[in-house]
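Visitor: Below is the structure I would like to discuss, written out as structure tokens.
The values are calculated or read from the model by the stated rules, or taken from the named source; none is laboratory data. Quick caveat, the model's predicted, so the values are computed rather than measured. A quick note on method: Cβ atoms are made from the backbone with ideal geometry, for glycine too, and the neighbour counts reach across all protein chains shown.
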Amino acid sequence: MWLKSWAYLALLAGPVAAVSQISDDEMNSLLDAGGVDLADRYAPIWFFGQAQNQPPCYPTWAFGGSPDTADVYDDDHKTPAAAQCGIPMSAVTVATRGWILGTPVRHSLFIIPISDAMIPRSGLSTISSTRRMVRSLGLSKRGMTSMHDFPSNAITGSDWERVVIIHSRDDSNNWAPSRALLSAHSGYNNLAWGDIQNTLTTDEINAGDAKDPNGVQNNDHPKVYVAWSKHPNFDTRNTGWNDPASQSLDNAFRSDDWWYYVDPQYYIRSDDSTDAGKALGAADWGHASSNPPSVQAGVCGAS
């Protein structure tokens, strides 16, 4: 009777999601090919929400590109920082026409795949069983002008945010994501992969219905919610706080009015050996110091 009861409870629980694995040879092959397919295989899907009927700032190309034209890596084409606005107009000077609630929008994504060749030799003994993939979003503004805001964060111009996914190798030489680092102000929200609140399968991503399901953990694509005003990244929604002070805290407003899953054709490899990385590293982004090549310099020790 006990065995039957246990089996009945297992049936009620349903199947358990499991992140997919790749072999050691496949991991090396994906990195040798530039990392785009690896970045796409476990890519996050970003969500953006509006508060007080005001849309957020949305990611943009860093050097004047578009879905139909490539970036041009010089100062003349650098996307300028947008002017700050008063509360609650988070994005009043940022082009938002054409945004339809509940739909995706196309923009570029900067990736940096970290392999053994990019890790300082002194770190190989502790890091060689992991690989890190950095995905960076560029935004043209961050925060709002307000005397109630924290002065150090009130006006910063451009902004860079990122998700770092750590891949770990098991005893059978198979690789899978083990942790996600979600940029949050000056640090990260560091999450075990199995603890991320909402994840999707690749089939669900391809079906185009990004919002559902919720509450399923340990699939290949984490849902990442970008806060409305200052853009720290979280794995949870929080629509209870839209006051100015909260936007600098962990209870910052974030929702899911728009979703953003980057097609691999818009990935731009941006480590410091590439034209994109060199341009990004040389450009003046104001207080937004976390551009992709600057993140690369410290990502192996990030936590």
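Visitor: Please return the ranges of helices (runs of 4 or more DSSP H) entirely within segment 1-82 where 2 or more residues are over 20 Å from residue 258 (Cα atoms) and at pLDDT below 75.
Guide: Qualifying helices (runs of 4 or more DSSP H): 2-13.
Visitor: So, in segment 248-275, exactly how many residues are polar (S, T, N, Q), touching a residue at least 12 places away in the same chain (Cβ under 8 Å) and surrounded by fewer than 20 Cβ atoms within 10 Å (Cβ to Cβ)?
Guide: 3
Visitor: Look through segment 230-267, keep the residues that are of a type in the set (Val, Ile, Thr) and closer than 24 Å to residue 164 by Cβ, and return whichever of them is modelled with the lowest pLDDT.
Guide: Selected residue: 262.
Visitor: Of all residues in segment 174-188, which are surrounded by fewer than 19 Cβ atoms within 10 Å (Cβ to Cβ), under 15 Å from residue 232 (Cα atoms) and either of a type in the set (Gly, Ala, Ser) or modelled with pLDDT of 95 or more (or both)?
Guide: 184, 186, 187
Residue-by-condition table, conditions (1) of a type in the set (Val, Ile, Thr); (2) at pLDDT 50 or above; (3) surrounded by fewer than 16 Cβ atoms within 10 Å (Cβ to Cβ):
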| residue | (1), (2), (3) |
| --- | --- |
| 113 | no, yes, no |
| 119 | yes, no, no |
| 123 | no, no, yes |
| 131 | no, yes, no |
| 141 | no, yes, no |
| 154 | no, no, no |
| 162 | no, yes, no |
| 172 | no, yes, yes |
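Visitor: Can you pull out every residue in segment 268-298 that is in contact with a strand residue (DSSP E or B) (Cβ under 7 Å, 6 or more places away or on another chain), hydroxyl-bearing (Ser, Thr, Tyr) and under 30 Å from residue 54 (Cβ atoms)?
Guide: 290
Visitor: Still on this structure, please answer the following. Within segment 221-240, restricting attention to residues that are among the charged types (D, E, K, R) and part of a loop (DSSP other than H, G, I, E, B), which residue is farthest from residue 299 (Cα to Cα)?
Guide: Once the filter is applied, the top-ranked residue is 237.
Visitor: Additional query: Restrict the check to segment 201-220 and report whether at least one residue is of a type in the set (Ser, Thr, Tyr) and assigned to a loop (DSSP other than H, G, I, E, B).
Guide: yes
Visitor: Still on this structure: For segment 248-280, enumerate the residues that are under 26 Å from residue 192 (Cα atoms), outside any loop (DSSP other than H, G, I, E, B) and touching a Phe, Trp or Tyr at 6+ places or on another chain (Cβ under 7 Å).
Guide: 248, 254, 258, 259, 260
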